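The values are calculated or read from the model by the stated rules, or taken from the named source; none is laboratory data. Since this is a predicted model, take the numbers as computed values, not measurements. Heads up, the Cβs are rebuilt from the backbone with ideal geometry, glycines too, and the neighbour counts pull from every protein chain shown. SASA here: full protein model, heavy atoms, side chains in, ligands and nucleic acids out. Shrake-Rupley method; radii C 1.70, N 1.55, O 1.52, S 1.80 Å.
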Amino acid sequence: MALPVLGVGVIYTPALEPLLAAEADLISVVEVEPETLWTKTADPAEPYRPDRSALDRLRALPQPKLVHGVGFPIGGSRPPDPLHLPLFVDMIESLGAPWASEHLAFNRAAGPDGPFATGFLLPPLQTPAGVAAAVASIHTVAPHLPVPFAVETGVNYLQPRAGEMSDGAFVAAVAEAADCGIVLDLHNLWANEQNGRQRVEAVLAELPLPRIWEVHLAGGSEFQGYWLDAHSGAVPGPLVALTRRILPQLPALKAVIFEITATFLTRFGLDGVRRQIAELREVWEGKSADRDAPLLASPLTQPSPSQGGGTPTQDARDLPASAGSSVAPMDLTPEAWEDGLAALVVGRPSSVPVPDRLAGDPGVDVLRRLVWNFRSGVLVETLGLTCRLLL
């Protein structure tokens, strides 16, 4: 599969356009999240409409573009809405993207009152049945795309559970069975490790490295003893050092993308983005010289005992997942996992029994608060004057 080598780039947001236009020699590629350029309509036959003026500005930028979905994940038992597929294809073709990707997560569930959207990406069930569900979902999308498709490794604030596959084994099984690429989100994996899940190096040891086409990096923040994948600023120094060791091990790597949310861009500034891209370019350019270096065990991540709502010790995180919980997700179907977890997170009644261990997982409370904050932010952004009046 002959994919082009693109180099180091950034997730698109309109505020970055002056930098992207002026720094084509520094920023080699722009990744576009198509849903951020779609307007919701009242027409059920055409629920979204693309912003053509934004597409025109994107096409005018000198960098090649990638397309990375953020609203229609393919990790659950309910495949994406088929009405979104033509728009996704249109975005790929309009921007000439050489490949496209989406999250290995879910955001749709059902309860006593019928189907509902979580408004937030949630972790899928990591069992063989969960693999089969994700592969079936991918097969509703990938064959209809004009370019190769990849899945992104997700962030997971839940504790490891008995009977579940390890994070690396799950992603590997999905990618192999679906015959797709992998977007290796190293900040997601690093956050997972900080919060008590599988170590980054252990994940990499289980992944089919030739399927990794792209790496994502971002900054995060602490919240309730957890490290969040907040896309809120600079890539942490220890993660940059870890990335420096990892990139030479990825034989098919084509791009490294820095992610920062538009909300935090004002504080971080265009100069901050410029400095971060320059640092990542230096890492990228050094990867060939270090290709033969072994991937060492990481001494860089040492979570405090308070992290992860009682994060397991280092030794515990090296144990198989089956040693971490008394509740076996093997007893749940993917649909039951999704409906139960989604109901817990968004505060709806559940149509399925929810295991006590899942209901008591401190990561569920973190997800609840993140969903509430996300929805509040969307409300303020959409109805700013109304919210000001109410306050």
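Applying 0.36 nm per residue to the separation of GLU282 and VAL5 and subtracting their alpha-carbon distance, the gain on full extension is 98.1 nm. Once Rh for the range 1-95 is found with the Kirkwood sum over Cα pairs, what is the Stokes-Einstein diffusion coefficient at 20 °C and 1.002 mPa s, in µm²/s? In µm²/s, the coefficient rounds to 147. The alpha-carbon of LYS65 sits under 18 angstrom from the alpha-carbons of these lysines, leaving out residues fewer than 8 places away in its chain: LYS254. Across the range 104-170, counting alpha-carbon atoms alone, Rg and Dmax equal 13.5, 40 Å. Rounded to a whole number, what is D in µm²/s for the range 151-276 from Stokes-Einstein with the Kirkwood radius over alpha-carbon pairs (4 °C, 1.567 mPa s)? Once the numbers are plugged in, D ends up at 86 µm²/s.
Extension gain for the segment THR140 to ASP56, taken as residue separation times 0.36 nm less the Cα-Cα distance, is 27.3 nm to one decimal. For the range 138-182, with all protein chains in place and a probe radius of 1.4 Å, 57% of the accessible heavy-atom surface sits on carbon or sulfur. Label-to-label distance for ALA22 and PHE116 is 4.7 nm, based on points extended 7 Å past Cα in the beta-carbon direction. Computed over protein heavy atoms with a 1.4 Å probe, the accessible surface of the range 3-77 works out to 39 Å² per residue. Among bridges DSSP assigns within the range 1-153, what percent are antiparallel (round to 5)? Bridges in the range 1-153 that DSSP calls antiparallel: roughly 40 percent.
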